[in-house]
Amino acid sequence: MPAQSHAAKLLHLAARQPAVSARELSAAGIPARTVSRMAARGQVRRVGRGLYTGAEGSPSAHQSAIEVTRQAPKAVVCLLSALEIHGIGAQAPFEVWIALPAGTHAPKGTQAALRVTRLSGAAFTEGVETVVLDGAPVRVYSLAKTITDCFKLRSKVGLDVALEALREARQQRKVTSDDLSRYAKVNRMTNVMRPYLEAMTG
């Protein structure tokens, strides 16, 4: 394929999604030298290790989360970043909060600032959903799981954040008592959360 065709194909792919990986470009038959040359010319932007986006495109509101989860496929967006994705609370974290399995290294080479929490067993695997943000799939904890995570890790996010998330999610009917109880049990937060749940349902 001529170099011009490679360039056109790269621009087309970069325009269709917030970020495209070097692996995806290679699978599409675009040589690495074409990618490097176009990045050097400013025709595409390198937004992370092996991640590129169109030079003219405005950054996605979820660009950082997309970038991080592309770099670390095992990562799950959690806590403040998950609340933001679910539209709960007034938090607008400049860091991307992710959970990784115990013993897993954090991704390197990302332009996004990270806050990494390591979880194990059911606390890591339960409640994972895949949502599509600006055309890109991102793994994130469900809202009910996220709220119980906030209680579990209240020393990191603050009890006020956990309570605000619980109150707002209940008012908007985005979570059920059954789901909250289920994930509270997974996180061993049943006794901690019970008085707050009873106060809101009483």
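All of the numbers you see were taken from the coordinates with simple rules; none came from a lab. For clarity, every value in this text was computed on a predicted model and none was experimentally measured. When we count neighbours, we look across all protein chains shown, and the Cβ atoms used for this are built from the backbone with ideal geometry, even at glycine.
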### Query
Over the range 63-201, what is the percentage of antiparallel beta bridges among all DSSP beta bridges, to the nearest 5?
50 percent
### Message
How would the range 3-54 be classified by its alpha-carbon gyration tensor: rounded, prolate or oblate, with rounded meaning a/c under 1.5 and the a/b versus b/c comparison settling the rest?
### Response
rounded
### Given charges at Cβ of Lys, Arg, Asp, Glu: the chain dipole, positive-most of V192, A40, A106
A40
### Message
Rounded, prolate or oblate for the range 104-153? Axes are the square roots of the Cα gyration tensor eigenvalues, ordered a ≥ b ≥ c, and the cut-off for rounded is a/c under 1.5.
### Response
oblate
### Query
Residue by residue through the range 36-42, which ³J(HN,Hα) values in whole Hz follow from phi under the Karplus form 6.51 cos²θ - 1.76 cosθ + 1.60 (θ = phi - 60°), with glycine and proline marked x?
4, 5, 6, 5, 5, 7, x
### Query
If you plug each phi of the range 127-136 into the Karplus form 6.51 cos²θ - 1.76 cosθ + 1.60 with θ = phi - 60°, what whole-Hz ³J(HN,Hα) values come out, in order, with x for Gly and Pro?
x, 7, 10, 10, 10, 9, 10, 6, x, 10
#### Entry: Highest-fluctuation residue, V44, V68, V77 considered, GNM on the chain with Cα pairs under 10 Å
V44
### Query
Taking neighbour counts of Cβ atoms within 10 Å as a proxy for exposure, in what order, fewest first, do R41, R115 appear?
R41, R115
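With 10 angstrom as the radius, rank Y183, Y52 by how many other C-beta atoms surround their C-beta, starting from the fewest. List each step's numbers first, then the result.
Working: Y183 28, Y52 23.
Going from sparsest to densest Cβ surroundings: Y52, Y183.
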### Summary
If amide H atoms are modeled at 1.01 Å from N in the peptide plane, then the residues at a separation of 5 or more from G158, or on another chain, having amide H under 5 Å from its own are none
#### Entry: Residue exposure sequence - D134, D179 - by fewest surrounding Cβ within 10 Å
D134, D179
### Summary
the chain, Gaussian network, Cα under 10 Å: of T148, T110, T176, the residue fluctuating most is T176
### Query
With labels modelled as points extended 7 Å from the Cα through the Cβ direction, what inter-label distance (nm, one decimal) is found for K74 paired with E95?
2.1 nm
### Task
Quick one: among F124, F151, F94, which has the greatest mean-square fluctuation in a GNM of the chain with alpha-carbon springs under 10 angstrom?
F94
### Message
Can you compute 3J(HN,Hα) from phi for each residue in the range 86-96, using the Karplus curve 6.51 cos²θ - 1.76 cosθ + 1.60 with θ = phi - 60°, rounded to whole Hz and x for Gly and Pro?
### Response
7, x, 10, x, 9, 6, 9, x, 7, 9, 9
### Set of lysines with alpha-carbon distance to K185 below 29 Å, sequence-local pairs under 8 removed
K74, K145, K152, K156, K174
### Task
Mind pulling the angle between the C-alpha long axis of helix 3-16 and the longest principal axis of the chain? Nearest 10 degrees, somewhere in 0 to 90.
20 degrees
### Task
Name the shape class, rounded, prolate or oblate, that the alpha-carbon gyration tensor gives for the range 148-191, where a ≥ b ≥ c are the square roots of its eigenvalues, rounded holds for a/c under 1.5, and otherwise prolate holds if a/b is larger than b/c and oblate otherwise.
oblate
